[in-house]
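Just so you know, all these numbers are worked out from the coordinates, no wet-lab data involved. Keep in mind it's a predicted model, so treat the numbers as computed, not measured. All Cβ positions, glycine included, derive from the backbone under ideal geometry; neighbour counts span all protein chains shown.
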Amino acid sequence: MTLFHFGNCVALAYVPYYLTYKYSGLSEYGAFWKCTTAGFMYILTQLCKMMILATFFPSSDGSGAGMDLVHEFLKSTVDIADCVGLYFVMSRIAGKGETKVLIAGVGWATAELILTRFLPLWVGARGLEFDWKYIQMSFDSNINLIQHLGTGMLIWLWSRHDLHQSLRPLVVILLAACTYRPLLLELLNKVLGGSAWAQLGMKAVLTGALGTVSLMMYIGVIQSLGIY
C-alpha cells in the first residue's frame with residue numbers, strides 16, 4: 001500500500017512534466033541540455049534570493065498584522081529575481097519564441113520540482129500512514145508548471161521590441177500578478193479560509209486564469225506579427 005501510494009504521488013508529480021517535454025516537440029528539438037541549463041539557472045537564482053532574504057528581510061517577530069503584510073510584500077518582491085532568471089535563460093536560447101518559452105518554463109519548473117518535492121515525497125509518501133498532503137503536493141507541482149510556462153510567455157512578450165505599446169502595461173500587470181501570486185493566495189486564504197483542498201483549488205483557479213490570459217495574449221501577438 002505504501003509503495004502504491006508513493007508511486008501514485010510520483011506519477012502525478014512527474015508524468016505531466018515528461019508528457020509536456022515529450023509531446024511539445026522539445027524531445028525532437030534536442031533540448032534536454034538546454035532544459036538542464038535552465039534548471040541550473042533556477043538553482044543559482046534561488047541561492048541569490050536566499051541571500052537577499054537572509055540579509056535584508058530577516059524573520060518577522062509577528063508584532064503586528066500590518067507589519068507582517070508589509071514584510072510579506074517585500075519578501076514577495078524578491079521573486080522578481082525569478083523573472084530576471086527566466087529572461088536570462090530565454091535570451092541565451094536561439095529559436096522561435098515557442099521554443100524559448102517551453103525550454104525555460106519546463107527546465108525551470110522541473111528543477112523546482114526535483115529540489116522541493118523529491119525529498120518530501122521520498123520520505124513522506126513511503127510512510128506507513130496514508131496522507132492526502134502528498135497527493136496535494138503532486139497536484140501543486142503541476143500547477144507550478146502552468147505558472148512557469150505562463151510567466152515565460154509574458155517575459156517573452158515583454159522582451160519583444162515590436163510589441164504594441166498599448167499591450168506593454170497589461171503584460172507588466174500580469175507579470176506583477178504572477179510575481180505576487182503567493183501573497184495574493186495567502187490573503188485569499190486568510191479571508192476565505194477553507195481546507196487544504198480549497199486552498200489548492202484557489203491556487204489552481206488563479207494560476208489557470210493567469211495562464212489562460214497569458215496564452216491568449218501570446219497567440220494574439222504572434223498572429224499579429226506573423227510569427228509562426
State the three equivalent ellipsoid semi-axes of the range 1-124, derived from the C-alpha gyration tensor as the square roots of 5 times its eigenvalues, in descending order and whole Å.
30, 23, 11
Calculated over the range 73-146: convex hull of Cα atoms, volume per residue (Å³)
109 Å³
Under a no-solvent Debye model with one identical scatterer per Cα of the range 109-228, what's log10 I(q)/I(0) at q = 0.12, 0.17, 0.21 Å⁻¹?
-0.55, -0.91, -1.16
Specify the residue with the greatest mean-square fluctuation among Q136, Q46, Q165, computed from a Gaussian network of the chain linking alpha-carbon atoms under 10 Å apart.
Q165
How about the range 128-162: which chymotrypsin sites (Phe, Trp or Tyr not before Pro) there lie in a loop by DSSP and see at most 14 other Cβ atoms within 10 Å?
F130
Count of lysine pairs in the range 2-225 with Cα atoms under 24 Å apart, counting only pairs 8 or more residues apart in sequence or on different chains?
14
Per the Cα gyration tensor, the range 2-225 corresponds to an equivalent ellipsoid with semi-axes, largest first in Å, of 28, 24, 17
Using θ = phi - 60° and the Karplus relation 6.51 cos²θ - 1.76 cosθ + 1.60, list the HN-Hα couplings for the range 178-183 in order, rounded to whole Hz, with x at every Gly or Pro.
5, 5, 9, 4, x, 5
Each residue of the range 69-75 in order: what ³J(HN,Hα) in whole Hz does its phi give by Karplus 6.51 cos²θ - 1.76 cosθ + 1.60, θ = phi - 60°, with x for Gly and Pro?
5, 5, 4, 5, 5, 5, 5
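Where in the range 18-118 are there chymotrypsin sites (Phe, Trp or Tyr not before Pro) that are in a DSSP coil and have at most 10 other Cβ atoms within 10 angstrom of their Cβ?
Here no chymotrypsin sites (Phe, Trp or Tyr not before Pro) fit, given the DSSP loop and packing criteria.
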